[in-house]
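Participant: Below you will find the structure I want to go over with you.
The values are calculated or read from the model by the stated rules, or taken from the named source; none is laboratory data. Bear in mind that the values here come from a model prediction, so they are computed numbers and not experimental data. Note: ideal-geometry Cβ built from the backbone for every residue, glycine included; neighbour counts use all protein chains shown. SASA here: full protein model, heavy atoms, side chains in, ligands and nucleic acids out. Shrake-Rupley method; radii C 1.70, N 1.55, O 1.52, S 1.80 Å.
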Amino acid sequence: MRQESAPSQVRPSAPAPREAVPRAWWRDAVIYQVYVRSFADSDGDGVGDLRGVRERLPYLAGLGVDAVWLTPFYASPQADGGYDVADYRAVDPVFGDLTDAADLVAEAHRLGLRVIVDVVPNHTSDRHAWFRAALAGPGAPERELYVFRPGRGASGELPPNDWESVFGGPAWTRTADGAWYLHLFAPEQPDLNWENPVVHEEFASVLRFWLDLGVDGFRVDVAHGMVKAPGLPDVGAGEQARMIGRQVLPFFDQDGVHEIHRSWRRLLESYPGERISVAEAWAPTPERLARYVRGDEAHQAFNFQFLTTGWEAAALREVIDLSLVATTEVGAPTTWVLSNHDVVRHTTRYAEGDAGRGLRRARAAALLMLALPGSAYVYQGEELGLPEVEDLPDEVRQDPAFFRGRAAAEAAGGAGAPVKSGQDGTRDGCRVPLPWSGHEAPYGFGPGGSWLPQPADWARLSVEAQTGDPGSTLELYRTALSLRRELPGLGSGSLRWEEAPEGVLLFSRPGFVCALNTRDTEVVLRLPGRALLASGPLGSSAGDTVLPGETCGWWAV
Ligand code: NOJ
């Protein structure tokens, strides 16, 4: 495949051996997010599954990551890609069964990889036994497990407050008997009532179930949402979708959630082997985010401020500084992330309409992220430089955010175009199944088709096409991850900013220098040491380094 001409790379020898039980493995771990339905399909139904993941684990071990995070594979009607769980202790038949889950975990461990699974505590599916029982009638005791309220208005015809669903439209749905229930996401995802001790007990038991099966931790879905402000007050004026992650809301980032994270930390620490939790928390500032990773709470929290920062040197430097200061103050590492299954892939986010630019910047951003102290998450396919698929026909889309957004636009008298939701717009475009090999769809994804159509030109992006091509994004990631293991302390400690021309970020770590040129024109830098790796072709001029535009490089000093 043709991307950039071969960057200067120093290939390290064999990867460093993994210690049997490294201390605080998670503090600098690179964790690969597997979106299970789109990773690899073993049985030809077009949907990825646990066996598919297990068969491809050697690829992940060879890539050089430390752990995998599996998105939900639990019994679910799939109203929201599995984030609507009907049974937390069962595997959905579309993904396999409990034996497949146990086999996957065992095989991962054999290969030196840890496994993190999702836990979805803010809401269940509307098909969960509790919610079905809750719908039996106004007196059903299970209503206490959810957030049921009478409506406002003369006959209760209005929702209890003004909260909006993250997917668009009101956050309340009325039942046949006239009561309303809260769902911060789709109506098929009723919110649990975390004021009820039964909910706490149930989730402690669910965590134990998976820990006993051998998982190494949990990614906590909507970790900032379980506790709501007393009295469920109105938000008031303003576009709520735009407020998410920018301010504390009566349903997000309430102080009460921290007690839940504390109790889960105690539970995790009662198990051997450093099991962890990573909080998916959209907090308004690095300081508020750092509260989730205080010593007795979650181990990690995704740094979405970094993810949402644009391609601008000063802004990137600021968010890096603020993040490092905030997490250092609480003794935690920072957890960097550029993409996931909810946001536009960063290759496209950075592109500004120019795919070549997007790829150049994405490759550079990956080297920046992997040179920063802390842990990092890699979303499946970013190591292939996959772009967002932006032209999916409406009839194949499955993201509830798309349908809720369209319905809301229609209700407002619009033409039915999808509107951007608080969940970063429509999300099918970043969930298209991976291309592994071959010349036509499904590109080795499985023996059948793929649940979302893959673009006709993805053969050039497949794992097979990129393997062994020193200019490919896949080989860039492989080399970067290998070097990250070899260079002592790259994932820990701090960094020191060095003086650099405008638009350039230059920082040093012990024995190491990283330079990122965010401008679209080259810069000439006087750099010490030996070039290790770069996201684009380095040049030289009278002994100085020529760093092309939108390029990042690493040097050993
Ligand atoms: C965050 C998950 O990543 C997203 O995919 C899901 O729709 C919401 N939480 C609701 O569970």
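Participant: Of these, GLN3, GLN33, GLN9, which one is polar (S, T, N, Q), within 29 Å of GLU550 (Cα to Cα) and at pLDDT 95 or above? Steps first, answer last, please.
Facilitator: Working: GLN3 fails: at pLDDT 95 or above; GLN9 fails: at pLDDT 95 or above.
Being polar (S, T, N, Q), within 29 Å of GLU550 (Cα to Cα) and at pLDDT 95 or above holds for just one of GLN3, GLN33, GLN9, which is GLN33.
Participant: Go through region 460-480 and give me each residue that's surrounded by 19 or more Cβ atoms within 10 Å (Cβ to Cβ) and within 25 Å of ASP43 (Cα to Cα).
Facilitator: Within region 460-480, LEU461, SER462, VAL463, ALA465 qualify.
Participant: Now, a different point. Out of all the residues in region 67-87, which are more than 16 Å from the chain's Cα centre (by Cα) and not polar (S, T, N, Q)?
Facilitator: TYR74, ALA75, PRO77, ALA79, ASP84, VAL85, ALA86, ASP87
Participant: Scan region 501-551 for residues that are at pLDDT 95 or above, among the small types (Gly, Ala, Ser) and outside any strand (DSSP E or B) and report the count.
Facilitator: 4
Participant: Oh, and also: Counting only residues that are open to solvent by 10 Å² or more (accessible area, probe 1.4 Å) and within 16 Å of the ligand (Cβ to nearest atom), how many does region 44-79 have?
Facilitator: Total meeting the criteria: 5.
Participant: Here is a further query. Would you say LEU207 is more than 16 Å from the ligand (Cβ to nearest atom), at pLDDT 95 or above and open to solvent by less than 10 Å² (accessible area, probe 1.4 Å)?
Facilitator: Details: more than 16 Å from the ligand (Cβ to nearest atom): yes; at pLDDT 95 or above: yes; open to solvent by less than 10 Å² (accessible area, probe 1.4 Å): yes.
Yes; evaluated as a whole, the condition is true for this residue.
Participant: Mind counting the residues in region 112-127 that are crowded, with 24+ Cβ neighbours inside 10 Å and within 13 Å of ALA86 (Cβ to Cβ)?
Facilitator: Matching residues across region 112-127 total 4.
Participant: Here's another thing I want to ask about it. Report, ordered by the first and then the second residue, all pairs with beta carbons closer than 6 Å, sequence separation of six or more or different chains, a first member in region 159-185 that is on the phi > 0 side of the Ramachandran plot, and a second member that is open to solvent by 20 Å² or more (accessible area, probe 1.4 Å) and within 16 Å of the ligand (Cβ to nearest atom).
Facilitator: GLY168/ARG404; GLY169/ARG404
Participant: What are the residue pairs meeting all of these: first residue in region 360-384, first residue under 19 Å from VAL343 (Cα atoms), second residue assigned to a helix (DSSP H, G or I) and among the hydroxyl-bearing types (Ser, Thr, Tyr), Cβ atoms under 7 Å, and 6 or more apart or on different chains?
Facilitator: ALA362/THR347; ARG363/THR473; ALA366/TYR477; GLU383/THR473; GLU383/TYR477; LEU384/THR473
Participant: Please list, ordered by first then second residue, the pairs with beta carbon atoms under 8 Å, 6 or more apart or interchain, first in region 263-280 and within 16 Å of the ligand (Cβ to nearest atom), second among the polar types (S, T, N, Q) and in a strand (DSSP E or B).
Facilitator: Correct list of pairs: SER277/GLN300; VAL278/GLN300; VAL278/THR335; ALA279/GLN300.
Participant: Could you identify the single residue in ALA241, ALA237 that is open to solvent by 30 Å² or more (accessible area, probe 1.4 Å), modelled with pLDDT under 95 and within 15 Å of the ligand (Cβ to nearest atom)?
Facilitator: Being open to solvent by 30 Å² or more (accessible area, probe 1.4 Å), modelled with pLDDT under 95 and within 15 Å of the ligand (Cβ to nearest atom) holds for just one of ALA241, ALA237, which is ALA241.
Residue-by-condition table, conditions (1) at pLDDT below 95; (2) open to solvent by less than 10 Å² (accessible area, probe 1.4 Å); (3) within 16 Å of the ligand (Cβ to nearest atom); (4) farther than 20 Å from GLY553 by Cα:
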residue	(1), (2), (3), (4)
ARG291	no, no, no, yes
ARG294	no, no, no, yes
ASN303	no, yes, yes, yes
ALA314	no, no, no, no
ARG317	no, no, no, no
VAL330	no, no, no, yes
THR335	no, yes, yes, yes
ARG363	no, yes, no, no
GLU383	no, yes, no, no
